[in-house]
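Step one of this worksheet: look at the structure below.
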Amino acid sequence: AQSVSQHNHHVILSEAASLELGCNYSYGGTVNLFWYVQYPGQHLQLLLKYFSGDPLVKGIKGFEAEFIKSKFSFNLRKPSVQWSDTAEYFCAVGDDKIIFGKGTRLHILP
Amino acid sequence: EAQVTQNPRYLITVTGKKLTVTCSQNMNHEYMSWYRQDPGLGLRQIYYSMNVEVTDKGDVPEGYKVSRKEKRNFPLILESPSPNQTSLYFCASGGEGTRALSRANVLTFGAGSRLTVL
């Protein structure tokens with residue numbers, strides 16, 4: 001069965017801390033991977049995507065993610081978070097059909 | 001401005017009263033999809049459409065209908081809404097060219113429609 005698993009449902013960090021949000025997937029088709037972000041009261045926006053090539057993908061606002069095929073993982077990282085990164089983060093995988101994880105709520109303390 | 005427009009943004013209705021949530025995109029995207037977002041469950045796909053007159057069920061299609069008669073529009077229809085359909089609904093579109101999502105193009109989301117069924 002196709003699925004996306006996000007390990008952390010709620011993460012609280014202080015500003016300048018490093019961030020890593022876990023994402024594992026199970027998908028039988030072509031693996032295209034995404035991270036979307038939903039800021040409070042807003043709709044989802046793309047953070048970064050992986051289609052092929054370099055498994056280390058850089059996105060907007062200093063975020064990056066690494067595709068590790070052997071681990072079926074696509075973890076999101078940021079070396080130093082800011083208060084404005086407070087949001088909900090969704091990992092997604094798919095081709096014709098895109099499946100989302102349940103999301104991780106990130107709260108950054110000022 | 002490239003966007004996905006949903007209406008209404010907020011709606012309170014009663015059980016059994018048919019309603020339609022409209023979705024329109026101005027990016028000439030072939031792919032369109034509906035999701036519902038519920039606390040602790042993330043986004044779950046209701047229906048999606050690869051092109052005009054082509055629709056497929058997502059993970060939670062029960063109680064919903066869709067149609068894709070034109071490329072730009074993808075309305076979500078609740079024939080007989082029930083309280084368990086109270087949710088935040090998002091429409092999204094993606095893909096350009098001859099094959100929608102041929103490389104899993106980025107989805108552009110609408111602002112969401114918050115539906116309450118009493």
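Where a number appears in this text, it was derived from the coordinates with a stated rule and is not lab data. Quantities reported herein were computed from a predicted structural model and do not represent experimental measurements. With ideal geometry, Cβ positions are generated from the backbone for all residues, glycine too; neighbour counts draw on all protein chains shown.
Counting only other chain Cβ atoms within 10 Å of each residue's Cβ, the peptide B:52-61 averages 1. Charges were assigned to the Cβ only: +1 to each Lys and Arg, -1 to each Asp and Glu. The resulting dipole of region A:42-99 about its Cα centre is roughly 120 debye.
Based only on the alpha carbon positions, what is the Kirkwood hydrodynamic radius of region B:1-114, in angstrom? Please report the intermediate quantities before stating the final value.
On the way: mean 1/r = 0.0711 Å⁻¹.
Taking the inverse mean of 1/r over all distinct Cα pairs, region B:1-114 comes out at 14.1 Å.
Got the relative contact order for chain A handy, in percent, Cα pairs under 8 Å and 6 or more residues apart? Walk me through the numbers before you get to the answer.
Values: 278 pairs, mean separation 41.6, N = 110.
After rounding, I find 38 percent.
Within the listed set B:15, B:108, B:86, the residue fluctuating most in the Gaussian network model of chain B (springs between alpha-carbon atoms under 10 angstrom) is B:15.
Using Cβ point charges alone (K and R +1, D and E -1), the dipole size of chain B about the Cα centre works out to roughly 160 debye. Candidates A:2, A:73, A:42 compared by Cα position along the dipole of region A:1-84: farthest toward the positive end lies A:2, with charges placed on Cβ.
Annotation: amide H-H contacts under 5 Å for residue A:15 (H modelled 1.01 Å from N, sequence separation of 5 or more, or interchain): A:109. Over chain B, with a Gaussian network built from C-alpha contacts below 10 Å, which listed residue (B:75, B:61, B:83) shows the highest mean-square fluctuation? The residue with the greatest mean-square fluctuation here is B:83.
Toward the positive end of the charge dipole of region B:8-76, about the Cα centre and with charges on Cβ (Lys, Arg +1; Asp, Glu -1), which of B:14, B:47, B:63 goes farthest? About the Cα centre, the residue reaching furthest to the positive side is B:14.
Entry note, chain B: relative contact order of 35 percent, from Cα contacts under 8 Å with a spacing of 6+ residues.
Among the cysteines of the protein assembly as shown, each has its beta-carbon under 4.7 Å from some other cysteine beta-carbon. Only the Cβ atoms of Lys and Arg (+1) and of Asp and Glu (-1) were treated as charged; on that basis the dipole of chain A about its Cα centre amounts to roughly 100 debye.
As an exercise, take the mean of 1/r over every pair of distinct alpha carbons in chain A, invert it, and state the Kirkwood radius in angstroms. For chain A, the Kirkwood estimate is 13.9 Å.
Which net charge results when you count Lys and Arg as +1 and Asp and Glu as -1 among the other residues whose beta-carbon is under 15 Å from that of residue B:85? With Lys, Arg at +1 and Asp, Glu at -1, the neighbours total +2.
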